[in-house]
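See below for the structure under consideration.
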Amino acid sequence: NKGQTPQEAYKAAIAKTNELSGMDAQMEMAMTMSDGTESMDITMDAALKIQDMNKETMVMDMKMDIGLMGMAMTMQTYYMDGYYLMETMGQKIKYAMSLEEAMGQTAMIQEIGAEALGEIEMSEADGITTLSFEVDTAKMLEEGMMEEYMGMLENLGLSGMDESGMTYESLNGTVTINKDGYIASNAMHIGGSMEESGQKMDFTMDISVTFN
């Protein structure tokens with residue numbers, strides 16, 4: 001809408017997108033960890049489809065292609081009727097899961113609180129609005145927002161990392177909003193360091209989500 005501040009445009013687009021009854025999205029993630037002598041790359045491409053979002057009848061289907069230290073694996077996850085099913089490397093795991101937990105597993109876009117968000121630059125071209133922002137990571141941690149992004153890592157089997165030993169040094173991103181007011185894409189770059197078994201490692205993570 002004309003006359004909106006960048007913050008108002010951001011909040012309105014997230015609210016509108018989260019009201020959708022269904023979702024069809026692609027997500028790409030690339031992460032590099034380095035201890036100064038060796039580095040490790042992790043990649044993930046995910047396709048997510050959701051019907052009846054936020055309702056008890058919600059059905060979710062997500063396929064992830066994961067690359068880890070030169071190995072490739074595919075993981076398929078489903079959610080239906082209060083159960084979460086995961087298939088990977090010929091194994092099937094099924095367990096009960098609440099709707100809230102399932103929505104948390106598929107959190108493709110999280111609203112960053114206004115205090116942490118700081119300045120947003122807004123531009124418009126061909127009906128597409130682009131918002132660029134830098135995040136105050138200390139304030140984001142206070143708001144508990146980093147837990148959502150850590151959930152993505154847990155889905156990759158990296159939940160062994162000690163969150164208390166993680167330091168976020170930078171986070172910036174861009175959001176594009178289509179002419180109908182819905183989020184079309186979301187990209188974030190996160191940089192920081194972590195301690196694993198007393199050893200410090202630096203990491204960078206790039207996450208991009210495109211809504212079809």
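The values are calculated or read from the model by the stated rules, or taken from the named source; none is laboratory data. As the structure is a prediction and not an experimental result, all values here were calculated from the model. With ideal geometry, Cβ positions are generated from the backbone for all residues, glycine too; neighbour counts draw on all protein chains shown. Note: accessible area is taken over every heavy atom of the protein model, side chains too, but ligands, DNA and RNA are not part of it. Shrake-Rupley method; radii C 1.70, N 1.55, O 1.52, S 1.80 Å.
The residues of the range 17-51 that are open to solvent by less than 70 Å² (accessible area, probe 1.4 Å), small (Gly, Ala, Ser) and out of contact with any Lys or Arg (no Cβ under 9 Å at 6 or more places or on another chain), listed by number, are Ala30, Ser34. Checked against the criterion of being modelled with pLDDT of 90 or more and over 19 Å from Gly70 (Cα atoms), the candidates Asp52, Asp41, Asp45 yield just one match: Asp52. A count restricted to the range 177-203 and to residues that are closer than 19 Å to Ala46 by Cβ and among the polar types (S, T, N, Q) stands at 2. Among the residues making up the range 1-60, those that are in a loop (DSSP other than H, G, I, E, B) and charged (D, E, K, R) are Lys2, Glu19, Asp35, Glu38, Asp52, Lys55, Glu56. Given the structure, is Gln76 in a strand (DSSP E or B), on the phi < 0 side of the Ramachandran plot and open to solvent by 70 Å² or more (accessible area, probe 1.4 Å)? So Gln76 fails the test. Selection over the range 1-16 of residues that are in contact with a helix residue (DSSP H, G or I) (Cβ under 7 Å, 6 or more places away or on another chain) and open to solvent by 70 Å² or more (accessible area, probe 1.4 Å) gives a count of 0.
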